[in-house]
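Working notes for the structure below.
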Amino acid sequence: MKRKSLTAWAACAMAMTLLLGACSNGTNGNNNATGTAQPGNSQGESSGNGEPAEKGDPFEKYDPPIEVHVARPVDQTWTYPKGDSIDDNVWYREYESLLGIKIVHDWTALASEYNRKLNVSIASGALPEVFSVSASQLKQLADAGQLEDLTAAYEKYASDHTKKLQMGDGGAALASATFNGKLLAIPVVNAPIYEPNLLWVRTDWLKKLNLPEPKTIDDVFAISEAFTKQDPDGNGQNDTFGLAVNNYLYGAITSITGFSNAYHAYPQTWVKDESGQVAYGSAQPEMKQALAKLQEMYKDGQLDREFGVKDGNKVAEDIAANKFGMAFGANWNPYVFYDAVKKNPEMDWKPFPVPSIDGTPTKASAGFSASGYVVARKGFKHPEAVVKMLNLHEEVVHGSRRNEGQFITVEEDGERINTSRLSIVQSGVSNEGVLESLALLREAIKNEDESLLKDALTETDKYGPTVDYLKTGNMENWAVAHQYFGFETTMDNYTGDRLLMTAFGGQTPTMTDKWATLDKLEKETFTKIIMGAASVDEFDTFVEDWNKLGGETILQEINDWLSEQQ
């Protein structure tokens, strides 16, 4: 199979760097000819007069090449182009060809076994040079002084493009990888902008009952009551409900998270209190108010009386059976509704922002922006190699050269093969990158001009189906188009400080031991309150018990942890 190389574009990129005067050519100050650090002097250190060291070439090649020993998780379902393997693939060949970095596996493990095997390595001190870790493993290794400081290497060698993407969440992920002023990991940055719960409403029922689209929370309550009591499905039976909720309570489908956000409550989210300390969103007074209203709606028949035993799949079946008219969920919920729409051609759903209880705009709950980390063992001689591999990934997958070479997806014998997962250091598209791409997608759809997507990093596959649906009403593209409508709602309402990202993304020791108990307590108590099996005041007992059973200790551990990341 023909394989393209990155060498040509890299040469071009390096030439541009030279023209801009940013290339050090591996000969500045304290560096040797390969651009690697001399003993006792990390690359990117201060030059000695208080000034930062000269900026390095993000793609500077090691000559002679170096070996980097890694450990990594693999998946038995992964497929490779003919002749390739986990040990010899397009990414590894380009690391060596372009950067002079030869990857050597100390070990690999199936994803399900990786953490167990890594924990053994951590306990024994037999660590590879570069490997991926969870937030709790990062903290353990940082506390033990087992990680190489990447601060100077990142400052000197991270490309402007890499830094932009890494800062796309406002710097939260990088801050979580920094301990006592030292960058000890490269975070895998993702985009929490995908997560806000939107209010999804059956607009065909709105039209049938002559109801306005929801603009205020009172509109939402009125619609819920009408969908329950005015027979919107027209079958003459009292068998519809205003709001769909599943027995898990939270998540991206038929969740109470969006409803709670209307009350400025953020369940299962670590929030900052007025003193700047982390508190638990589910245990705040605003959550009690949200539960009180849900209890009132349940008593009025607006929630399925059996929701406590129905998971998301069962609720989806009930949606297809014309039982529900509203649900809170993520932008991709149209894929959940799609079977229902196919069975009920008159059905249509539309996303709306969540109105607030008091007129103050709602903020949407979102998870943490770092889903993992890549670290280097203490004493690793080439910390800048980690940064250079990150630069390569960001340029090929998310940068101006992402359409060149066989580095993202290839087709072979009719099979699409994802190769981007094989890169050692990688990151997702950050909030900033997603929002920029969605803005381009909106312009492209508005103008029916696909060429406007040439600089988009993601979601370009939504263009064709959405344009087709808007022009022809082709139901095969209903779900894609309606996800795009969800994107529009998110773009217009949940950017900046209206996206409330959880303040902590790790796992403390007490969380490991106690979280299952605390989570069970929360969901059982909240379900009983909603169903009227417990009074709303049972919430206060829940808060007391949550703290006694480990919550107070967890909060102390979190705040101590975050105090080190300054």
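Values quoted throughout were computed directly from the atomic coordinates according to the rules given, and no laboratory measurement underlies them. Not measured: the values here are computed from a predicted model. Virtual Cβ from ideal backbone geometry, glycine too; neighbours counted across all protein chains shown.
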Helix 509-530: inclination vs the chain longest Cα principal axis, degrees, rounded to 10, gives 20
Before anything else, pin down the relative contact order of the chain: Cα pairs under 8 Å, at least 6 apart, normalised by residue count, whole percent. 19
If you bin every alpha carbon distance in the stretch 431-493 into 5 Å steps from zero, what whole percent lands in each bin? 4, 20, 31, 27, 14, 4, 1
How far is helix 552-564 tilted off the main Cα axis of the chain, in degrees rounded to 10, range 0 to 90? 40
Contact order relative to length for the stretch 431-493, counting C-alpha pairs under 8 Å separated by 6 or more residues, stands in percent at 28
Unsatisfied cross-links (Cα-Cα over 32 Å) in the set Lys139/Lys288; Lys215/Lys471; Lys208/Lys288: Lys139/Lys288; Lys208/Lys288
Where does each of Glu94, Glu306, Glu459 land when they are ranked from fewest to most other beta-carbon atoms within 10 angstrom? Glu306, Glu459, Glu94
Summing -39500 (n - 2.57) over every DSSP H run of at least 4 residues in the chain and dividing by its residue count gives a helix-only mean residue ellipticity at 222 nm, to the nearest 500 deg cm²/dmol, of -12000 deg cm²/dmol
For Thr541 and Thr495, compute 0.36 nm times the residue count separating them, minus their Cα-Cα distance, and round to one decimal in nm. 13.0 nm
With Rg and Dmax of the Cα atoms in Å as the read-out, I listed [x] 26.1, 84; [y] 40.5, 130; [z] 29.0, 110; which label goes with the value calculated from this structure? [x]
Measure out, as a whole number of angstrom, how far apart the alpha-carbon centroids of the stretch 423-449 and the stretch 104-172 sit. 27
For a footprinting-style exposure proxy, rank Ile445, Ile417 by other Cβ within 10 Å, fewest first. Ile417, Ile445
Once amide H atoms are placed 1.01 Å from N in the peptide plane, what residues at a sequence separation of 5 or more from Leu499, or on another chain, have their amide H within under 5 Å of its amide H? Ala364
Using a Förster radius of 51 Å, what is the FRET efficiency between Asp231 and Lys381 based on their Cβ-Cβ separation? Nearest 0.05, please. 0.10
20 Å cut-off, amide nitrogen to a point 7 angstrom out along Ser420 Cα→Cβ, residues in the stretch 367-386: 368-374
Name the lysines eligible as straight-distance cross-link partners of Lys388: C-alpha to C-alpha under 17 Å, and not fewer than 8 places from it in the same chain. Lys55, Lys61, Lys102, Lys156, Lys163, Lys164
Extension gain Thr512-Lys454, at 0.36 nm per residue separation less the Cα-Cα distance, in nm? 16.4 nm
Dipole of the stretch 431-493 (Lys/Arg Cβ +1, Asp/Glu Cβ -1, origin at the Cα centre): which of Asn474, Thr490, Asn431 lies farthest to the positive side? Asn474
Neighbouring Cβ atoms within 10 Å as the yardstick, rank Phe485, Phe328 fewest first. Phe485, Phe328
Where a ≥ b ≥ c are the square roots of the eigenvalues of the C-alpha gyration tensor, would you call the stretch 66-135 rounded, which needs a/c under 1.5, or, failing that, prolate if a/b is larger than b/c, or oblate? oblate
Roughly how many whole Å is it from the C-alpha centroid of the stretch 333-400 to that of the stretch 260-300? 24
Specify the angular offset, from 0 to 90 degrees and rounded to the nearest 10, of the alpha carbon long axis of helix 111-124 from the longest principal axis of the alpha carbons in the chain. 50
